[in-house]
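The values are calculated or read from the model by the stated rules, or taken from the named source; none is laboratory data. None of the values given here were measured: they were computed from a predicted structure. Here the Cβ is made from the backbone with ideal geometry for all residues, glycine too, and neighbour counts use every protein chain on show.
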Amino acid sequence: MKKSWICTICGFVHEGDAPPEICVVCGAGAEAFQPEDQAETAAPVNADIRRVVVVGGGVAGVSAAEAARKQAPEAEIVLFSAEEHLPYYRINLSRYLAGEITKDELPIHPAGWYEENRIDFRGGVPVAQLNAADRSVSGAFGVERADAIVLAVGAQAFRPPFEGSQQDGILTVRTIEEADRVLEWARNGKEIVCMGGGILGIEAAGAIARQGASVTLLEALDWLMPRQLNKKASDKLAAFMLNQKIRFQAAFRTRSITRANGRFVIAAEDGRVVQADHIVITAGIRSSLALAKQAGLETKTGILVNSRLQTSAPGLYAAGDAAEFQGVVSGLWTVAQYQGVMAGANAAGASQTFGGIPRSNALKVLGVELMSIGAFEPADDGDVVIEAEYDHSYDRFVFQQNRLAGAILLGDSSVGTAVKKAIEEQRDLKNLLHARPTAEQVRVALKTLM
């Protein structure tokens, strides 16, 4: 039996006799992979599960289908996807834009994998309705009933409601088709503006710049990636971007987008104006809730789930960008994969519980190593912050009650695996902190955990 290797940076699972040379998701090297525990397939808690339907062909949906197959070897499993393509790594669209990988390298699994695992994949088949009472889905294909259903319907790109945001020539990058259009713009030397300075915006801007296009990144808040970085780290990242010829404007609160002489004119509330041939909106995502609401499931920002990822209706589960657990819709690839595995296993009869995992982010496109995990700001006066700024890197470690609670590693994330391990295992680092270490000494100490 092939071994499973898990990337300790992004959570990607590789199956093979040895870890891959490069993680296909975050670009980490083979040293970031560790063997994943090979637990025996759990005895089903509910042995009556004969048919599982998964709605959504993203990483959460595919992970759910795969886990359901492992949990219930004889069950019938159907996987619906609205997109015609084989399920692919949406997170890798930025690497595709940058020219780092080809379109053929995007799929999660080859076509034959679904047949080998007896998963009935139905691409280009959107589900129009969900009936919670009889656990059925319906659409142009008719009606399909199941013993359990996993909603892995993902999210939609958010378009801010300012004037002109819905015009032709303004795209998001959530699908292969949209990525292809942006590639065409970039290769034709067009001037492109990316609106939104979070992870999606930085990756998109970096990818477009790699194609030789002129690109400007606009962020409404006061610095880049405000959910993942403090001001010092953001300023250093902005300097990296400038070296790659990516222009950046912060606190650019858009008032309107109009057209003049065949170009877009983006006007800010403070009077600044930026012009572009095309615009890519990278302002985040919003959970896709239409099916859940139509079926009467409880929703807020996402579809509400309990610790077993079960929705308010028995036999219906949710995972990934559509799921809200304890008030949080993660929006992270690692969490989507993790939840997909758990929801799929539970839908097939298991009883696993989800307690959340530390928020972790890694950039893949800019050529700069960046890891942000957990809490990067102190919660009270008793917390300890140890940081250091170097010419080409920046470290920040936040400790709460003698335990590492979060970190920012910019420019050198080689201790990322140890940081993640220390946070997840809640290692007591009292002796280290008693010595009043520098950031470099913290790095050295953490390496002993690897």
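Data table
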item: Scan of the stretch 174-196 for residues that are closer than 27 Å to residue 251 by Cα, touching an Asp or Glu at 6+ places or on another chain (Cβ under 8 Å) and not in a strand (DSSP E or B), ordered by number; result: 185, 190, 196
item: Any hit, the stretch 403-426, residues being more than 23 Å from the chain's Cα centre (by Cα), surrounded by fewer than 17 Cβ atoms within 10 Å (Cβ to Cβ) and of a type outside the set (Ser, Thr, Tyr); result: yes
item: Extreme residue, farthest from the chain's Cα centre (by Cα), among residues of the stretch 192-215 that are surrounded by fewer than 20 Cβ atoms within 10 Å (Cβ to Cβ) and either among the polar types (S, T, N, Q) or at pLDDT 95 or above (or both); result: 214
item: Meets criteria (over 17 Å from residue 264 (Cα atoms), of a type in the set (Asp, Glu) and surrounded by fewer than 24 Cβ atoms within 10 Å (Cβ to Cβ)) for residue 177; result: yes
item: Some residue of the stretch 230-240 being touching a helix residue (DSSP H, G or I) at 6+ places or on another chain (Cβ under 9 Å), crowded, with 17+ Cβ neighbours inside 10 Å and not small (Gly, Ala, Ser); result: yes
item: Output for the stretch 160-173, where each listed residue is part of a strand (DSSP E or B) and either surrounded by fewer than 16 Cβ atoms within 10 Å (Cβ to Cβ) or without any contact (Cβ under 8 Å) to a residue 40 or more places away in the chain (or both); result: 163
item: Check on residue 214, of a type in the set (S, T, N, Q), more than 17 Å from residue 280 (Cβ to Cβ) and outside the structural domain of residue 372 (by TED's automatic domain parsing); result: no
